[in-house]
Amino acid sequence: MPKDSGIGASSKRREDVRFLTGRGRYTADIQLHGQTYAAFARSTHAHARIVSIDTSAAEAMEGVLAVFTGADFAAVGGNPAGWLIQSRNGEAMKEPKRPVLAHGKVRHVGDAYAAVIAETVEIARNAVEALEVEFEELPAIVDMAAAVADSTNRVHDEIADNICYDWGWIEDNRAAVDAAFKAAPHVTSLKLINNRLVPNAMEPRASIGVYDPGTEDYKLYTTSQNPHLTRLLIAAFVMGIPEHKLNVIAPDVGGGFGSKIYHYGEEALVLAASRRIGRPVKWVADRSEAFLTDAHGRDHVTTIELATDKQGNFLALRTETLANVGAYLSNFATVTPTFLHGTLMAGPYKTPLVYVNVKTVFTNTAPVDAYRGAGRPEATYSIERVVDKMCRELGLDPVAVRRQNFIQPDQFPYQTPVGLVYDTGNYGATLDKLMTLGNVSGFEARRAKSAANGKLRGFGLSTWVEACGIAPSALVGALGARVGLYDAATVRVNPTGNISVMVGAHSHGQGHETVFAQIVADKLGIPEANIDIVHGDTSKIPFGMGSYGSRSLAVCGSAMDRALDKVIAKGKKIAAHMLEAAEGDIVFEDGKFSVTGTDKAKTFGEIAFSAYVPHNYPLETLEPGLEETAFYDPANFTYPAGAYGCEVEVDPDTGRVEVVSFTCADDFGNVMNPMIVEGQVHGGVAQGIGQALLEGCTYDDNGQLLSGSYMDYTMPRADDLPMYTVDHSCITPCTHNPLGVKGCGEAGAIGSPPAVVNAVIDALQRGGMTKITHIDMPLTPSRVWAAINA
Amino acid sequence: MTKVTVTVNGKSVSRDVEGRTLLSSFLRDGLGMTGTHIGCDTSQCGACVVHVNGAAVKSCSIFAVDVAGASVKTIEGMANADGSLGVIQQAFQDHHGLQCGFCTPGMVMTTAALLADNPKPTEAEVRHGLEGNICRCTGYHNIVKAVLAASGQDNPAVAAE
C-alpha cells in the first residue's frame, strides 16, 4: 500500500494552491512604494572597444533619475569565478575581470555597458535609446578552434590564446592510456558536438534593489537558486557591502535549471542605483535579454576514442574537448567542463584507463555555465555514443556489451580511474528493469509495423551514472573550489508544537515545501500541516548553498535530519525530567516521548510547551527553548544511475523524428515523494529530448545570436513529446547520508540525449543506411534528411 | 490616456490607460493582479493567457483599450466561490501538473478554453491544444494527464499511474 503521508508518500504539493490561484509571489510581482525602474544598454556588437559614451541627452530627459556606465564600477571588484582550475602544465587558469557594466570593451551581443534609472520602464528604455555611444568594432571570435588558433584577436587583451586553461585528468595516467591505445585490438573514434543550449526558465530574471538610508541596510529581491551565494559574492567581491548589511530574498522563482545559480551584474546595479537615488530600483528581463545574457549551457566539441578487444571489453578511453566558456567566467563555468565532466568519464563501466583533456575557450558569446546536468550530460553523451558506435563496428549487441562492462554490485565501493569513488549501485538491475518495462523484446514486431507505415523505427539505449549531492567541501577545496558545499537547516519548534524549518536549499519548482515537511512529519510523528518550510531569505535562514546539482535533499535534507536528531535528543532530556526517569530510558516514537516498558509518556507538543514555559524543567542543566541548527557536509558525492530506452520513428522522406516511447529505469536511492521524483524525471527527459531533436543556440560568424526568441529557438512543446514510462523501484540507498537519497533533478537531462540519438542512428542503420554513424544534435528534420540524402 | 471599463472576474473596473498599454500590463500593473505572467516578448509562451468574452487570448498581444466593455477572466477568477480549487486547478494539483508555477496560470486558462470547446479531448487533441503554452519543468506528461482528468474521462493514460 502506498503511504498517505510522510516519507514515501506522494503527498500533494502545498505550494500548488498559491500557484494555481494566481497568488504566487515572483520577483516581478513585487511592487514597492516609490519604486523606480532600470533598463540596460546592451551591445549590439559581439566585440568592440567603447570609444565614448555621452549620457547627457539621456540624463536630461524628464523622469530619468540616474545613468550608470562601466566607469561607475571601475573601482569595485568583479564577479569572481567560483572554482580555480590548474592547467596540466601546472599554470593557474586565466581569470579575466567580469565587471558590473562593461568598461573599455564589450565582449558579446547583449553585454551591458550602461543602465538608466527612471520613473517608468518606458522612460528608462527611451533614455537608453538616447545614449550616444561610439564603438570601434573588432572582429568577433565565435568559433572555438579559430579562437585558439589566432592569437592576434583576443576576447580579453591579456589572454593571448583565448584559452582559460588546458586541463588534463588524470595527468599521471596519460602515458598508460596512450600505451593501451597503441596495443588495443580495436579503437573507435567519434567527433561530436554537444550543442549549445539556453536554459529558458519560464520566469525571466528580475531584481529589485532597496537601500534604506536610515539603517544603511540593503535588500535585494532576486530570481536566485542560491540567495546566500549571491549575498556572499555581492558583499565580499563585487560591491564591498558588509555581509550583515545585505539581505537577499529569492521569493517564488519560476524555474532555474542552473541559469539562476549565478550572480549577475544586474543585481549589483539595482543595489548601487537604489543607494544613489534613495528609492527602490526594479529590473525585469524581457525574453530577449534572457536569451542574450542568461548563462547558456553545454557547447562542447569533443573527440572521443574507445579502445576495446574484439569482444567489446573496454580497455581504455580518451577524450579531447574544446569547451566554450563565452566572454566572461560565470561563477561555475570553470568546474562544469572539468570536475563535473572529466570525473564522470568512467560512466557505469569498469574501463581501467581513462584520460580526459579539456581546453576551455573564451569567445564573443554569452557566458556558458552549468545547465541541468552540468558536465555530466556531456560526459554521458560522449560515452554512450562511442559505445554504440563501437558495437556497430564490431557487430556486437549494445545491451550485452554494456552489461559485460558494468561495474558489478559486489565491486562497491568502486574507485574509478577518474578520481571518484562510487559508494553503491546496481547497474544490471536498472538495465533489466528497462528491458522489461520498455518491452524491448517486442521491438522487432513494432519495427515491422512502423515499416509497413513507411517509417523507420529504431531503439536507442543509454546507461549512465552521475555525481550529485554536491559536494564534500574538503575534496572540492583541494580541487580548486573557492566555496564550501555543505548546507544548513534550523528546526524551530514553536511553543504550541508546530514547526518552522529554515533551510538553505531553495525551491524553484522542486516542491521542497512539501517534501521537506514530509520528512519532518515522519521523523517527529506530527502532521505535515503543522510544519512550514522557510527558504529563500538570508535574514531568516542560518546559511545555505542553494539548490543545484541534485543536492537539496542529499545535502540540505541531511542537515535537516541532523537538526531533527538534536531536537529529539533535547526532547528526551526534557521528557526524562518531566517523567522522572533516566534519559537513557526515554524512547521517542510516533510523536511521543515515553519511558521504556511503561505507559508513562509525554507528547511532542507537551515537551515543546514545557521548553518554552519551563515551570517543570531542568533549568540548571538545560537551556529552555527547542530550536536546533545543523550544518551538514557530505562525505562523498551521491551516484544516481539508470538505464534509459528510447524508440523513435524516422520519416525517411522528410527526416522528421518522432519519439514514440521513452522509458526510464532509475536508481535514486530512497525516494521521499514518488510523485515529485517522477515529475523531475519527466522534465529532465523533456529537456534531453529537446537537446537531441529541437534546441540549438546559434551565433553567426559575426557573433549575432540567431536564436534569440521563441520564434527562433525551438522549445519542446506538448505535441513534440510522448508520455514517458518512469520507474524508480531499483534502489541502492546512498551509504553515507542519513536519508539514503541520491538526487533526481538532473537524471532525465543526463541520460536521455544519447538514447534519442542512438535510436535515430539505429533506425537509419536498420533502414539500410549503414554509412550513417553519427549526426550532431539537434537532429532536426533538415539534418536527418541531409544525412539520408548525402 | 483613455478611460477603459472592463469586467474582470465578474467585477467592473475602470482605469485610465495609455493607448499602448497591453492587457497583460493593465492586469498586472493597473489592477495588481499578478497571477497573469509575462514569459516572452513574442506571444509564444502562453504564460499570459486569459479569457476575453470566453475565448483564450494571450494578453500580451492585445491592448487594454481593445477589451473595453468586455468580460475578462483571469487565473484569480478560477477558484470555486468558496475559495476551493476549481476542477481544472484541482486536477493540476492531483496530477502534479505544475512545478515552478510560472506557466501554470496560462496552462489553466488555456485548458479551460480547450475543454469548453472540446469537453472530451483525446491525448493528441490535448497536446495540440496546449501547443501555444510552453512549460520548461514538467515535460508536459502530467499536464496532459491533468487536462484529461479534468475532462472527466476514464482515460487510460490517466488510469495507468
Inset, instruction - Could you give me the residue pairs with C-beta distances under 7 Å whose first residue belongs to the stretch A:438-459 and is at negative phi and among the hydrophobic types (A, V, I, L, M, F, W, C), whose second residue is surrounded by 10 or more Cβ atoms within 10 Å (Cβ to Cβ) and in a loop (DSSP other than H, G, I, E, B) wherever it lies, and which are 6+ apart or on separate chains? - result: A:Leu456/A:Pro652; A:Leu456/A:Gly767
Inset, instruction - Among the candidates A:Val148, A:Val155, single out the residue that is among the β-branched types (Val, Ile, Thr) and either under 30 Å from A:Gly419 (Cβ atoms) or surrounded by fewer than 17 Cβ atoms within 10 Å (Cβ to Cβ) (or both). - result: A:Val148
Inset, instruction - Kindly check whether there is at least one residue in the stretch B:73-85 that is more than 7 Å from chain A (Cβ to nearest Cβ), in contact (Cβ under 8 Å) with a residue 12 or more places away in the chain, among the hydroxyl-bearing types (Ser, Thr, Tyr) and surrounded by fewer than 24 Cβ atoms within 10 Å (Cβ to Cβ). - result: no
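On the given criteria, is B:Thr7 touching a residue at least 60 places away in the same chain (Cβ under 8 Å), assigned to a strand (DSSP E or B) and in contact with a Ser or Thr (Cβ under 7 Å, 6 or more places away or on another chain)?
Working: touching a residue at least 60 places away in the same chain (Cβ under 8 Å): yes; assigned to a strand (DSSP E or B): yes; in contact with a Ser or Thr (Cβ under 7 Å, 6 or more places away or on another chain): yes.
When the stated conditions are applied, B:Thr7 passes them.
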Inset, instruction - Please find, within the stretch A:495-541, the residue that is nearest to the other protein chains (Cβ to nearest Cβ) out of those that are polar (S, T, N, Q) and under 20 Å from A:Lys12 (Cβ atoms). - result: A:Gln510
Inset, instruction - With respect to A:Ala686, determine if the residue is more than 18 Å from the chain's Cα centre (by Cα), buried (at least 22 other Cβ atoms within 10 Å of the Cβ) and at the interface with chain B (Cβ under 9 Å from one of its Cβ atoms). - result: no
Inset, instruction - Please go through the stretch A:727-772 and pick out each residue that is touching a helix residue (DSSP H, G or I) at 6+ places or on another chain (Cβ under 6 Å) and under 17 Å from A:Val387 (Cα atoms). - result: A:Ile750, A:Ser752, A:Pro753, A:Pro754, A:Val756, A:Val757, A:Asn758, A:Ile772
Inset, instruction - Could you check B:Thr34 against (1) touching a residue at least 24 places away in the same chain (Cβ under 8 Å); (2) farther than 24 Å from B:His128 by Cα and say which number it fails? - result: (1)
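Can you tell me which residues in the stretch A:190-214 are touching a residue at least 24 places away in the same chain (Cβ under 8 Å) and loosely packed, with under 13 Cβ neighbours inside 10 Å?
Within the stretch A:190-214, the subset touching a residue at least 24 places away in the same chain (Cβ under 8 Å) is A:190-211, A:213.
Answer for the stretch A:190-214, where residues must be touching a residue at least 24 places away in the same chain (Cβ under 8 Å) and loosely packed, with under 13 Cβ neighbours inside 10 Å: A:Lys191, A:Pro213.
Look at B:His128 and say whether it is touching a helix residue (DSSP H, G or I) at 6+ places or on another chain (Cβ under 8 Å) and either among the charged types (D, E, K, R) or facing chain A (nearest Cβ under 8 Å) (or both).
Values: touching a helix residue (DSSP H, G or I) at 6+ places or on another chain (Cβ under 8 Å): yes; either among the charged types (D, E, K, R) or facing chain A (nearest Cβ under 8 Å) (or both): yes.
So B:His128 fits the description; yes.
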Inset, instruction - Working only within the stretch A:712-730, note down all residues that are outside any loop (DSSP other than H, G, I, E, B), more than 8 Å from chain B (Cβ to nearest Cβ) and either crowded, with 20+ Cβ neighbours inside 10 Å or out of contact with any Ser or Thr (no Cβ under 8 Å at 6 or more places or on another chain) (or both). - result: A:Asp720, A:Val726, A:Asp727
Inset, instruction - Check A:Ala559, A:Ala563, A:Ala576, A:Ala554 and return the single one that is in contact with a Pro (Cβ under 7 Å, 6 or more places away or on another chain), at pLDDT 95 or above and either under 21 Å from A:Ala489 (Cβ atoms) or part of a helix (DSSP H, G or I) (or both). - result: A:Ala554
Inset, instruction - May I ask you to list the residues in the stretch A:629-668 that are small (Gly, Ala, Ser), over 30 Å from A:Val757 (Cβ atoms) and surrounded by 18 or more Cβ atoms within 10 Å (Cβ to Cβ)? - result: A:Ala630
Inset, instruction - Collect the residues in the stretch A:189-240 that are in contact with a strand residue (DSSP E or B) (Cβ under 7 Å, 6 or more places away or on another chain), within 14 Å of chain B (Cβ to nearest Cβ) and within 25 Å of A:Thr380 (Cα to Cα), keeping them in residue-number order. - result: A:Leu197, A:Val198, A:Pro199
Legend entry - Some residue of the stretch A:744-758 being within 11 Å of chain B (Cβ to nearest Cβ), under 19 Å from A:Leu192 (Cβ atoms) and among the aliphatic types (A, V, I, L, M): yes
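Wholly within the stretch A:448-540, which strands (runs of 3 or more DSSP E) include no fewer than the required count, namely at least 3 residues that are of a type in the set (A, V, I, L, M, F, W, C) and crowded, with 23+ Cβ neighbours inside 10 Å?
On the way: elements: A:456-465, A:487-493, A:499-503, A:531-534.
Counting at least 3 such residues, we get A:456-465, A:487-493, A:499-503.
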Inset, instruction - Taking A:Asp701 as meeting all but one of (1) out of contact with any Lys or Arg (no Cβ under 7 Å at 6 or more places or on another chain); (2) assigned to a helix (DSSP H, G or I), write down the number of the exception. - result: (2)
Legend entry - Looking only at the stretch B:60-72, and only at residues there that are farther than 11 Å from B:Gly106 by Cβ and hydrophobic (A, V, I, L, M, F, W, C), the one that is farthest from the other protein chains (Cβ to nearest Cβ): B:Ala68
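Of all residues in the stretch A:733-760, which are aliphatic (A, V, I, L, M) and surrounded by 24 or more Cβ atoms within 10 Å (Cβ to Cβ)?
Let us first name the residues in the stretch A:733-760 that are aliphatic (A, V, I, L, M), namely A:739, A:741, A:747, A:749-750, A:755-757, A:759-760.
Across the stretch A:733-760, the qualifying residues are A:Val741, A:Ala747, A:Ala749, A:Ile750, A:Ala755, A:Val756, A:Val757, A:Ala759, A:Val760.
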Inset, instruction - Looking at (1) farther than 30 Å from A:Ala71 by Cβ; (2) touching a residue at least 24 places away in the same chain (Cβ under 8 Å); (3) assigned to a helix (DSSP H, G or I), find the lone condition where A:Ala146 falls short. - result: (2)
Inset, instruction - Please work out which one of (1) charged (D, E, K, R); (2) touching a residue at least 60 places away in the same chain (Cβ under 8 Å); (3) surrounded by fewer than 22 Cβ atoms within 10 Å (Cβ to Cβ) is the condition A:Glu695 fails and give its number. - result: (3)
Legend entry - Number of the exception - A:Ile170 against (1) crowded, with 19+ Cβ neighbours inside 10 Å; (2) touching a Gly at 6+ places or on another chain (Cβ under 9 Å): (1)
Legend entry - Hits in the stretch A:613-628 (condition: crowded, with 16+ Cβ neighbours inside 10 Å, in contact (Cβ under 8 Å) with a residue 60 or more places away in the chain and not in a strand (DSSP E or B)): A:Leu626
Inset, instruction - Hey, can you tell me all the residues within the stretch B:17-59 that are within 8 Å of chain A (Cβ to nearest Cβ), within 16 Å of the chain's Cα centre (by Cα) and not hydrophobic (A, V, I, L, M, F, W, C)? - result: B:Arg28, B:Thr34, B:Gly35, B:Thr36, B:His37, B:Gly39, B:Gln44
Inset, instruction - Considering every residue within the stretch B:98-118, establish whether at least one is within 12 Å of chain A (Cβ to nearest Cβ), more than 26 Å from A:Asp29 (Cα to Cα), touching a helix residue (DSSP H, G or I) at 6+ places or on another chain (Cβ under 9 Å) and surrounded by fewer than 24 Cβ atoms within 10 Å (Cβ to Cβ). - result: yes
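The values are calculated or read from the model by the stated rules, or taken from the named source; none is laboratory data. Owing to the predicted nature of the structure, the values given are computational and were not obtained by experimental measurement. So basically every Cβ, Gly included, is an ideal-geometry build from the backbone, and we count neighbours across all protein chains shown.
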